[in-house]
Amino acid sequence: MDDDDGGFESHPGRGRFNAVFFRGMDAYIDWHLHKHKTPVFDHLPTTVVELGPGVGANLRYLTPGTRLLAIEPNPYMHSSLRRAAARHKVEVEIRSVVGERIDLPDHSAEAVISSLVLCTVRDPATVVSEIRRILRPGGHYCFVEHVAAETGTPTRWVQHSLRRPWAWVFEGCSCERDLATVIRSAGFSEVEITPYRIHSPFLPFNTHIRRSCHLLAVIDAWEMNFQLLQRYVARTGTARVRRDHLKEGQPLGSWASNQRAFLKPGKLSQERTARLEALPGWQWKLPTGPASGPHS
Ligand SMILES: C[S@@+](CC[C@H](N)C(=O)[O-])C[C@H]1O[C@@H](n2cnc3c(N)ncnc32)[C@H](O)[C@@H]1O
């Protein structure tokens, strides 16, 4: 492939090997990463963009019924990803483009996620600027990535020594990237990153970063949607918003529907619960059927 393809080359042998490897290692990798992924991928909306989902390691963190826009240029991952999505009841739409050139409009995504992908893309800074371009104000980039260990440590030495065979086997993966700096330099309004370590026999892979669950960022998105809902109430007189309702280009209906879904598992604070209940017409269970709220 040439530069117009974003530099991604899918090799038939290694492409297939990686699909089989990540399918086979799925439970093992998740065993290591579960406690880090759980807070990062909590509270995702019902439409999510994922970069390089591979064979679907993160589907288990999505609510059944989620629509997943999968930016996955490697064709050898696609059939496994489709099968895994069906198992997890996730509606997947695969886009065979690279993260350096995402074919989605500006400010169209509420959440973008990735795990173990920025290590492999050709140009992580361009990928992160693409993520920023497609995120809407108040949207979130939620990631779990592996990075270079601190200079002078034995892990850093192993990462450097094994860099060539590692990159060959794992289709360009580098364990030597300072991805925290790349993400911090991308111009997000708030960035909180937590470094952590896992203990696996795959030594170069053991140093990681993840997005911290930064309360302010979460409040930011929630407040923005709550204000949209207040404006909706001011116009229609009721908070009974239809599930498919878009307000000012934002999926207000699906956000309101998420709030209803969050109540039962205790994912909504008492304060937020009270503020929603104070809105005229707010209901925790909408009557079924097409006319479950006004259209305006
Ligand atoms: C190490 S795998 C990780 C897969 C999955 N996210 C996981 O956690 O198991 C890296 C993934 O990134 C994808 N990838 C490689 N280059 C990419 C690019 N330029 N843009 C988007 N995805 C890319 C690969 O096809 C592969 O699915």
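The values are calculated or read from the model by the stated rules, or taken from the named source; none is laboratory data. This structure is a prediction, so every number in the text was calculated from the model and none was measured. Neighbour counts are summed over all protein chains in view; Cβ atoms, including those assigned to glycine, are modelled from backbone coordinates with ideal geometry.
So is residue 106 touching a helix residue (DSSP H, G or I) at 6+ places or on another chain (Cβ under 6 Å) and either outside any helix (DSSP H, G or I) or among the small types (Gly, Ala, Ser) (or both) or not? Here the answer is yes, as residue 106 does meet what is asked. Of the residues making up the range 11-21, none is of a type in the set (Val, Ile, Thr) and near the ligand (Cβ under 9 Å from one of its atoms). Among the numbered conditions (1) closer than 18 Å to residue 181 by Cα; (2) more than 15 Å from the ligand (Cβ to nearest atom); (3) in a helix (DSSP H, G or I), the only one that residue 131 does not meet is (2).
Looking across 27, 86, one residue alone is under 30 Å from residue 199 (Cα atoms), surrounded by fewer than 17 Cβ atoms within 10 Å (Cβ to Cβ), assigned by TED's automatic domain parsing to the domain that holds residue 133 and more than 15 Å from the chain's Cα centre (by Cα). It is 27. Within the range 22-33, the residues that satisfy the criterion of being within 12 Å of the ligand (Cβ to nearest atom) and either of a type in the set (Lys, Arg) or not in a loop (DSSP other than H, G, I, E, B) (or both) are 22, 23, 24, 26, 27, 28, 29, 30, 32, 33.
Residues of the range 244-262 that are at pLDDT 85 or above and in contact with a helix residue (DSSP H, G or I) (Cβ under 8 Å, 6 or more places away or on another chain): 244, 245, 246, 252, 255, 256, 259.
The conditions of being free of Cβ contacts under 8 Å to residues at least 12 places away in the same chain and under 22 Å from the mean Cα position of the chain (by Cα) are not met by residue 178.
You will find that of 148, 111, the residue that is in contact with a Cys (Cβ under 8 Å, 6 or more places away or on another chain), in the same structural domain as residue 38 (by TED's automatic domain parsing), more than 14 Å from the ligand (Cβ to nearest atom) and in a strand (DSSP E or B) is 111 and no other. Among residues of the range 90-106 that are of a type in the set (D, E, K, R), those with a Cβ under 8 angstrom from a residue that is in a loop (DSSP other than H, G, I, E, B) and surrounded by fewer than 15 Cβ atoms within 10 Å (Cβ to Cβ), sequence gap 6+ or separate chain, pair up as 91/65; 95/103.
Of the candidates 51, 44, the single residue that is in the same structural domain as residue 114 (by TED's automatic domain parsing) and modelled with pLDDT under 95 is 44.
Residue 72 meets each of the listed conditions (1) within 17 Å of the chain's Cα centre (by Cα); (2) in contact (Cβ under 8 Å) with a residue 60 or more places away in the chain apart from (2).
Step by step: first the residues of the range 53-93, then only those that are assigned to a strand (DSSP E or B) and away from the ligand (no atom under 11 Å from the Cβ), then the one that is nearest to residue 34 (Cα to Cα). Which residue is that?
The qualifying residue nearest to residue 34 (Cα to Cα) is 68.
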